[in-house]
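The values are calculated or read from the model by the stated rules, or taken from the named source; none is laboratory data. All values derive from a computational prediction rather than experimental measurement. Backbone-built Cβ (ideal geometry, glycine too); neighbour counts: all protein chains shown. Accessible surface areas use protein heavy atoms only, side chains included; no ligands, DNA or RNA. Shrake-Rupley method; radii C 1.70, N 1.55, O 1.52, S 1.80 Å.
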Amino acid sequence: MKKIFTLIAVAALALTANAQRITFGADDVAAAGTLDGKTFSKDGLVLTIKDGEGKFAIDANSAWFGDASAQENFTHRLKTGGKSQTTSGKERWITLTIPADGKLSIYARTGSSTTERGIQVVQNGATVLNFKVLDANAVSMDIEAAITDENPTGTTKVHPIYNGTVKAGTAEINFPDGSVNFYCIELAPGETGGDQPGGGDQPGGGDPTPGSSIDYPNSTDGITISGTTSWDNTQKYHGNADTSKNISFANGYTSDGVINDNWAEMSIEGGFKTGDVVTVAGYFNNSDDTKQAAVTLFTGAKGETPVDLWTSGLFINGRNVATDPTPESYTLEADAATLKLGRANGLTGATRTNVTLLKVTRGGTGISEMLNIKVDSAVYNLAGQKVGKDYKGVVISNGKKMIQK
């Protein structure tokens, strides 16, 4: 079996020989604080580092990526050293110059098995890909090339590759939740991410995510937080008695009248349509009853003037009131590629605002029928390839991982 793995891997890599890929080696090793403005390029694909806080670094670090059919080892990584949106306002991200439409593949890991972190690819102000990266998604495999005296079976953790479809032009890669380690960024011109796990149009891969919907707190799929907005379960309500799972907005979403970093963005396949219904519920937690909180639904990109669509009613004071937040709904009056939610501006003594419910439903279907739920009987391996019933190993079916024996 190990020889089969090796032969298949060689064949798979040969098929991607024309891909434009950026990797890092011994000659690229660099200490933190030395990479701002640094560029890497391959056949028109250009990676530029924007590092206003001096945290990016390149060092030696071995990691395997792929699936049961093909694996590849990388020896060096680009470390971001922290999240892209910072409270200091200093810019930190990766800019890509993409020479042609195609499939973008990102070989990345977090270095943590317990902390999920996001990777966003933004083009023309819109988030086009939104990957959720977690080291626990790596699968142990026996790889012949990894056999050593210390590891006679070659058992190695293999991390998934995150794929999605992008357009020619400029893109930003953001990492709003924390540090991410990049080993390779690859463009396959003319190819697409495909409806497959780890790809651009499916669970675990890019944004939007088929098989799921905007359905918080049941799922965080399709929701990306930024800036001082956080996933939180420490705020209390029910008269300050119970904690809740919430999206917590610490600050407003504009500065000097333009959009800043502090928001939660929603994305689904095909964008949002006129008549879709956004439902929100929430509270704030403060001993002062003169404080007020609400949220605003808006569109627009960082640095632009927001287009405010709707502002909720005032949230309850969870510290002083023992009732549940009341859901409120708004029906979209125009199509939107993405939607953003932020803490409402202009309130008296505005305070931390906690959203406990955030759903979007297709207009006319009712709350129980969420957007874009698909039933797919196909089974995929971790590379997103369809496999049959005789395939052995970790597979994904209907967005869930399982072992097929």
* Asked: So for region 75-142, what are the equivalent ellipsoid semi-axes in whole Å, largest first, each being the square root of 5 times an eigenvalue of the Cα gyration tensor?
  -> 23, 18, 12
* To do: Rounded, prolate or oblate: pick one for region 221-284, where a ≥ b ≥ c are the square roots of the eigenvalues of its C-alpha gyration tensor, a/c under 1.5 means rounded, and failing that, prolate if a/b is larger than b/c, else oblate.
  => oblate
* **Exposure rank, largest accessible area first [H238, H159; 1.4 Å]** => H238, H159
* Asked: Roughly how many nanometres apart are two label points built 7 Å out from the Cα toward the Cβ at D256 and A145?
  -> 5.0
* When ranked by the protection proxy of mean other Cβ atoms within 10 Å per residue, highest first, what sequence do the peptides 144-156, 258-270 form? -> 258-270, 144-156
* Asked: Given 0.36 nm per residue, what is the gain on full extension from T234 to K302 after removing their alpha carbon distance, in nm?
  -> 21.6 nm
* Asked: Based only on Cα atoms, what Rg/Rh ratio does region 111-154 have, Rh being taken as Kirkwood's radius?
  -> 1.26
* So what's the convex hull volume per residue for the Cα atoms of region 32-154, in Å³? -> 148
* In nm, give the distance between the simple-model label positions of T114 and N345, each being 7 Å from the Cα along the Cα-to-Cβ direction. => 4.0
* To do: List the equivalent ellipsoid semi-axes of region 263-352 in whole Å, largest first, each obtained as the square root of 5λ for an eigenvalue λ of the Cα gyration tensor.
  => 26, 15, 10
